[in-house]
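J.: My questions all concern the structure below.
The values are calculated or read from the model by the stated rules, or taken from the named source; none is laboratory data. Every value quoted in this text rests on a predicted model; they were computed, and no experiment measured them. Heads up, the Cβs are rebuilt from the backbone with ideal geometry, glycines too, and the neighbour counts pull from every protein chain shown. SASA here: full protein model, heavy atoms, side chains in, ligands and nucleic acids out. Shrake-Rupley method; radii C 1.70, N 1.55, O 1.52, S 1.80 Å.
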Amino acid sequence: QVQLVESGGGLVQAGGSLRLSCAASGRTFSRYAMGWVRQAPGKEREFVAAIRTLGGYTHYADYVKGRFTISRDNAKNTVYLQMHGLKSEDTAVYYCAADSTYSTVVDGKGDYWGKGTLVTVSS
């Protein structure tokens, strides 16, 4: 079992930056691939970024590539999403997901989910 808690969301102006964090409980965090998925108002959830168990290999959706960076610190049981160059279309609730299979996370799915953190980008 893994419990995930996101933090770091907030209101930011277009062009600004935010760093989201996702803290995981349990001793087996390093065994899980991790990802970020977002859901904008009135839209379906969409994949944002994923990272393998030991890091070093990441995957991004085209609409965030070059602006967002996913990373993880297995010693702290935490995964991060550094966001730069934020746009109004990045406004969404951002969810952290965990799964034992990397491809599942890349598909925007996972066995475990946090409750999300809201990012609002004002134009």
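J.: Just the residues that are open to solvent by less than 40 Å² (accessible area, probe 1.4 Å) and either in a strand (DSSP E or B) or among the hydroxyl-bearing types (Ser, Thr, Tyr) (or both), please, taken from the stretch 107-123.
T.: Filtering the stretch 107-123 down to residues open to solvent by less than 40 Å² (accessible area, probe 1.4 Å) leaves 108, 110, 114, 116-117, 119, 121.
If the condition is that a residue be open to solvent by less than 40 Å² (accessible area, probe 1.4 Å) and either in a strand (DSSP E or B) or among the hydroxyl-bearing types (Ser, Thr, Tyr) (or both), then Thr117, Val119, Val121 are the ones that fit.
J.: Moving to a separate point now. Restricting the stretch 37-74 to residues that are in contact (Cβ under 8 Å) with a residue 24 or more places away in the chain and of a type in the set (Gly, Ala, Ser), which is farthest from Cys96 (Cα to Cα)?
T.: Only one residue fits best here, namely Ala40.
J.: While we're looking at this one, here's another question. Show me the strands (runs of 3 or more DSSP E) found entirely inside the stretch 1-106 where at least 1 residues are among the polar types (S, T, N, Q) and open to solvent by less than 20 Å² (accessible area, probe 1.4 Å).
T.: Fully inside the stretch 1-106 and qualifying: 78-83.
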